[in-house]
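The values are calculated or read from the model by the stated rules, or taken from the named source; none is laboratory data. These numbers were taken from a predicted model, which means no experiment stands behind them. No Cβ is skipped: glycine too gets one built from the backbone with ideal geometry, and neighbour counts run over all protein chains shown.
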Amino acid sequence: MNVIFIEPGFPANQRQFVRALAQMGAHVIGIGERPYEWMDEETRSWLGSYQQIESVTDEAALEWAVRQAQEVQWVDRLEAVVEAHVLPAAHVRERCGIPGTSARTAYLCRDKVAMKDVLREAGIAMAASAGLNSIREAIEFAGAVGYPIIIKPRDAAGAAGTYRANDEEELLHIAQLCGLADGAAVAVEEFVEGHEGFYDTLTVNGEVGHEFISHYYPNVLEAMRARWISPQIISTNRIDDPGYEEIKAMGRRVIEALGLQTSATHMEWFYGPKGLRFSEIGCRPPGVGQWESYCSGNEFDLYREWAIAVCHSRTDQQASRRYSCGIIALRPDRDGNIFSYEGVEDIFKQYGENIVEQYFPEPGTPTQSVEAGYMANAWLRVRHEDYDQLRHILNDIGERVQVRAG
């Protein structure tokens, strides 16, 4: 099987998809923005060929590279797993006659307003929302649903560019930051009180082949605004408990309504006083290396499962559900350069057998902003057979490990 894979060299975990395809016996044709020589030797060994273009989101350039590949061999699949690449890949896929996620589905998973219009018609419970491009419309929306409201780009990924306005004064300030004051199109939503998590799948021919549920502690907007918080994302191994049935059922209805076939999916949700509410979905894997948590928690290779789905329209292994697995972000106490860590040695003595992955930037490394995300500075990935005990471990790490900067 000949599979084109978009951007094998960046970000770092892209190489795992290439590796898995090659191990399935696929001939992998890479198209990316970086010189071939910049990729590590192992990644290059998994690629059957490679074409560099200026931008993989430039549909004309991407189509040219795909057609160049088609002149040499039959292309069975064209795959993209980065949010910004999914829609351009879908457009080119359809123009070049290659099976895969449709342009309609990719668009609905990218445009927050269109997505919610379709899902609302399908009866999916969600916050009130609208697409608008003026301050007047935003004020009218807030008047109808009440403050606070959420404002984000229509094609936002995760919490990027997302703001919460608690009153009209904050709304007017945010309108300047996000371009709404100048007529930029945005998505606005009713603020939903409750706990935030996400439901991820590997979907094959429209059916869920693998599924996972993860929790944010605290919710994302709070985590991305406060330096003192050491936020966590934990995937549960209790997914078969009856309390999760509603989330799984909602996820399947969303997949059907959007016409998803063979793809990774990442679906955000809230649960609070108004019950379960859908937030948004991407037809791609989650960020923050979350698939590594799923691999470690379930003792299998999810990348291999994805490659089997792409190449053979099935899954192969069973998730063990042995461990819950989570990541904790460890933030510097101030901006500047990292100069020391406190409490790390004791943490490894106590929890070393539970730590499956780690990142501690070398002293002298410039700090990254809080808004840069969970993996921007130091972090640990930890697992335990008991979900509640894992939460205790991560809370303990967050209290005892200090990242000093200046």
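Okay, here's what the table says:
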quantity	calculated
Selection within region 265-300 - more than 10 Å from the chain's Cα centre (by Cα) and either within 15 Å of ILE247 (Cα to Cα) or part of a strand (DSSP E or B) (or both)	TRP269, PHE270, TYR271, GLY272, LYS274, GLY275, LEU276, ARG277, PHE278, SER279, GLU280
Of the criteria (1) crowded, with 20+ Cβ neighbours inside 10 Å; (2) assigned to a helix (DSSP H, G or I), which one GLU345 fails	(1)
Residue count for region 301-319, restricted to those that are assigned to a loop (DSSP other than H, G, I, E, B) and either small (Gly, Ala, Ser) or within 25 Å of ILE29 (Cβ to Cβ) (or both)	6
Of all residues in region 20-43 being out of contact with any Gly (no Cβ under 9 Å at 6 or more places or on another chain) and part of a helix (DSSP H, G or I), the one that is surrounded by the most Cβ atoms within 10 Å (Cβ to Cβ)	LEU21
Any chance ILE174 is of a type outside the set (Asp, Glu), in contact with a Cys (Cβ under 8 Å, 6 or more places away or on another chain) and farther than 22 Å from SER263 by Cβ	no
Residue match in region 34-48 (condition: closer than 24 Å to ILE255 by Cβ, under 25 Å from the mean Cα position of the chain (by Cα) and modelled with pLDDT of 95 or more)	no
Qualifying helices (runs of 4 or more DSSP H) (wholly inside region 113-231; at least 1 residues being more than 21 Å from the chain's Cα centre (by Cα) and crowded, with 21+ Cβ neighbours inside 10 Å)	135-145, 168-178
Checklist (1) surrounded by fewer than 19 Cβ atoms within 10 Å (Cβ to Cβ); (2) touching a strand residue (DSSP E or B) at 6+ places or on another chain (Cβ under 6 Å); (3) closer than 21 Å to ILE234 by Cα; (4) of a type outside the set (A, V, I, L, M, F, W, C) applied to GLN350, failing item	(2)
Qualifying residue in region 220-238 (condition: out of contact with any Gly (no Cβ under 8 Å at 6 or more places or on another chain), touching a residue at least 40 places away in the same chain (Cβ under 8 Å), under 22 Å from CYS109 (Cα atoms) and in the same structural domain as LEU394 (by TED's automatic domain parsing))	yes
Criterion: under 25 Å from ASN205 (Cα atoms) and either crowded, with 18+ Cβ neighbours inside 10 Å or touching a Phe, Trp or Tyr at 6+ places or on another chain (Cβ under 6 Å) (or both) - qualifying residue of ILE327, ILE338, ILE308	ILE308
Members of region 1-17 that are aliphatic (A, V, I, L, M) and either more than 14 Å from HIS85 (Cβ to Cβ) or part of a loop (DSSP other than H, G, I, E, B) (or both)	MET1, VAL3, ALA12
